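Notes follow once the structure below has been shown.
Just so it is clear, none of the values below were taken in a lab; they were calculated from the coordinates. This one's a predicted model, so the numbers in the text were calculated from it and none came from an experiment. With ideal geometry, Cβ positions are generated from the backbone for all residues, glycine too; neighbour counts draw on all protein chains shown.
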Amino acid sequence: VAGEAVPSSQKSSWASFLKSIASFSGDLSSLTAPPFILSPISLTEFPAYWCERPGLFAAIADAKTEQDRSIAVLKWFISTLKGQYTSRNEKLGSEKKPLNPVLGELFYGHWPDQDGRGQTNLVVEQVSHHPPITAYYICNPTKGLALQGHSAQKTSFSSGSIVVKQIGHAILTVDLDDGNTEQFLITLPRLRIDGLWYGSPYIELTETSYIQSSSGWLSSIEYKGKGYFSGRSHSYKALLTPPGSSNPAKKYEGLWHEVSKDLDTDEVFTDVTSPKEEVTVGPVDVMHDFESRKLWKHVARGIREGDYEAASREKSKIENEQRQRRRDEQTAGTPWQQWHFEHVESDPVYERLVKLFNGAPPTEDTYVYQHNHSATPSIKP
Ligand code: HCR
């Protein structure tokens, strides 16, 4: 039934929201949505999804061959998808509209060491407000692993769904025992937001994404929803091909939010049915004013408690303060300085790896993490 999940008092504002997105393409975050679809969580928290299975991340460093490292990276990547794309449905009942981060907003966290896997640290910074761009750096120094990436979105509307093209990429660097490094370029899947008509949006992944290793091994991951090869939502099939060959050495298939298998051995490849480890974040009262949970504290409380008037009042305060900041910067001729990242027009590592599988775009700008702070949750800009 249309609008089934929409509270009756918000049905007409949900209908006008849907109308506005149907004729819209660009930055969805700028559209005003009805309260029931608002999430109290900022987009700067999302990069934490990359590491909610820190053991699988650490295991990449323990693999001994180029092929085994590519398999370990694919296994870790597939195991992040459930968190990245279905966790809001589990936690909040449906996909929701995240808080749109302010320029310079920060999110720090870590996953503690356990059984010698090493501590993993997370630094996130909103490096652009319009359009929203989030940069992140995740590292496990004990294991010699670092993931650097940025994420932006281009949205359009097609056959009743929002189509989200993810802009950006991630590069994983692995320090090898012989003193060399291996890099992996991770491209991001395209998403479709379905269920809008009923007021209960959810994500389906579509098309193909890639993980290209500097060793030449390539994983191609094809995503399908209901009615395709397995006929089930959240299905994928991945092929791992050796350098210079299109003959797959390994094939995997299954559900990225449950279990998938190695097609040759029938053994389980990924299983994300066990609980994940949420990121550890310090107490809000000692946070810097730009740290996400402190910055949005009152707005988030309003949304959680259903006091939407308070939420909108507090949100306006933040937005007005930001507008004033931008005016002051312009008057003083001192543009905003990023805390942790430097914007560069092109990334030679991306360019070298994307060429290996004729990926697109052939060149892309990036945000390079500046090692001017130690990446611990206690760092203050
Ligand atoms: C599209 C989306 C904002 C971007 C979110 C991204 C792509 C961000 C990077 C993460 O690594 C993965 C990720 C997961 C989310 O699924 C995706 C969000 C889903 C909805 C949100 C829209 C801007 C909000 C649309 C509003 C609808 C629900 C009415």
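Round to a whole angstrom and tell me the spacing of the C-alpha centers of the stretch 194-209 and the stretch 36-110.
Cα centroid of the stretch 194-209 versus Cα centroid of the stretch 36-110: 18 Å apart.
Exactly which chymotrypsin sites (Phe, Trp or Tyr not before Pro) in the stretch 162-205 are in a DSSP loop and have at most 16 other Cβ atoms within 10 Å? Could you put the intermediate results ahead of the total?
On the way: sites: Phe184, Trp197, Tyr198, Tyr202; in loops: Trp197, Tyr198.
When the chymotrypsin sites (Phe, Trp or Tyr not before Pro) of the stretch 162-205 are filtered for loop state and at most 16 Cβ neighbours within 10 Å, Trp197, Tyr198 remain.
With +1 on each Lys and Arg Cβ and -1 on each Asp and Glu Cβ, and nothing else charged, work out how big the dipole of the chain is about its Cα centre, in Debye to the nearest 20.
Working: 40 positive and 47 negative charges, 240 e Å.
Rounded to the nearest 20 debye, it is 1160 debye.
In the stretch 33-98, with Lys and Arg counted as +1 and Asp and Glu as -1 at Cβ, which of these residues, Leu74, Ala61, Phe46, has the Cα nearest the positive end of the dipole, that is, farthest along it?
Of the listed residues, the answer is Phe46.
Of the candidates Ala310, Ala146, Ala332, which one comes out as most mobile in a Gaussian network treatment of the chain with C-alpha springs shorter than 10 Å?
Checking each option, the largest mean-square fluctuation is seen for Ala332.
How much FRET efficiency would the formula 1/(1 + (r/R0)^6) give for Ser158 and His288, where r is the Cβ-Cβ distance and R0 is 41 Å, rounded to 0.05? It would help to have the intermediate numbers written out before the result.
Working: r = 41 Å, r/R0 = 0.99.
Computed FRET efficiency for Ser158 and His288: 0.50.
Using the Karplus equation 6.51 cos²θ - 1.76 cosθ + 1.60 (θ = phi - 60°), what ³J(HN,Hα) coupling, rounded to whole Hz, does each residue of the stretch 325-330 give in order, writing x for Gly and Pro?
Couplings: 4, 5, 5, 4, 4, 5 Hz.
For the stretch 346-357, just list the computed ³J(HN,Hα) in residue order, Karplus coefficients 6.51, -1.76 and 1.60, θ = phi - 60°, integers in Hz, with x standing in for Gly and Pro.
8, 10, x, 5, 4, 4, 5, 6, 5, 5, 4, 10
I want to verify the translational diffusion coefficient of the chain in µm²/s; compute it with Stokes-Einstein, Rh as the Kirkwood radius over Cα pairs, at 20 °C and 1.002 mPa s.
Calculated translational D: 98 µm²/s.
Just to check I understand the Karplus step: with θ = phi - 60° and J = 6.51 cos²θ - 1.76 cosθ + 1.60, what whole-Hz values come out for the stretch 107-117, glycine and proline as x?
9, 10, x, 7, 10, x, 4, 8, 6, x, 7
Can you give the net charge of the other residues whose Cβ lies under 15 Å from the Cβ of Ile318, counting K and R as +1 and D and E as -1? Before the final figure, lay out the partial values.
Details: positive: Arg293, Lys294, Lys297, Arg301, Arg313, Lys315, Lys317, Arg323, Arg325, Arg326; negative: Glu105, Asp289, Glu291, Glu314, Glu319, Glu321.
My count for the surroundings of Ile318 gives +4.
With label points built 7 Å along Cα→Cβ from the Cα atoms of Ala310 and Arg323, find their separation and express it in nm.
2.5
From the P(r) of the stretch 256-353, could you give the percentage of C-alpha pairs in the tail past 21 Å?
67
Sorted by packing (mean other beta-carbon atoms within 10 Å per residue), highest first, where do 289-297, 318-326, 59-67 land?
289-297, 59-67, 318-326
Using only alpha carbon positions, build the gyration tensor of the stretch 146-292, then give the equivalent ellipsoid semi-axes as the square roots of 5 times its eigenvalues, largest first, whole angstrom. Walk me through the numbers before you get to the answer.
Numbers: eigenvalues 149, 134, 58 Å².
Sorted largest first and rounded, they come to 27, 26, 17 Å.
Taking R0 as 22 Å, what FRET efficiency do you get between Val368 and Ser30 from their Cβ-Cβ distance, rounded to the nearest 0.05?
On the way: r = 28 Å, r/R0 = 1.26.
Computed FRET efficiency for Val368 and Ser30: 0.20.
Among Leu239, Tyr223, Ile186, which residue has its Cα positioned farthest towards the positive end of the charge dipole of the stretch 165-281, with +1 placed on the Cβ of Lys and Arg, -1 on the Cβ of Asp and Glu, and the dipole taken about the Cα centre?
Toward the positive end, the furthest listed residue is Tyr223.
With the cut-off at 20 Å, tell me which of the pairs Lys82/Lys276; Lys224/Lys261; Lys75/Lys276; Lys165/Lys294; Lys154/Lys294; Lys276/Lys315 have Cα atoms farther apart than that.
On the way: Lys82/Lys276 10 Å; Lys224/Lys261 16 Å; Lys75/Lys276 15 Å; Lys165/Lys294 30 Å; Lys154/Lys294 28 Å; Lys276/Lys315 31 Å.
The pairs that break the limit, which is 20 Å between Cα atoms, are Lys165/Lys294; Lys154/Lys294; Lys276/Lys315.
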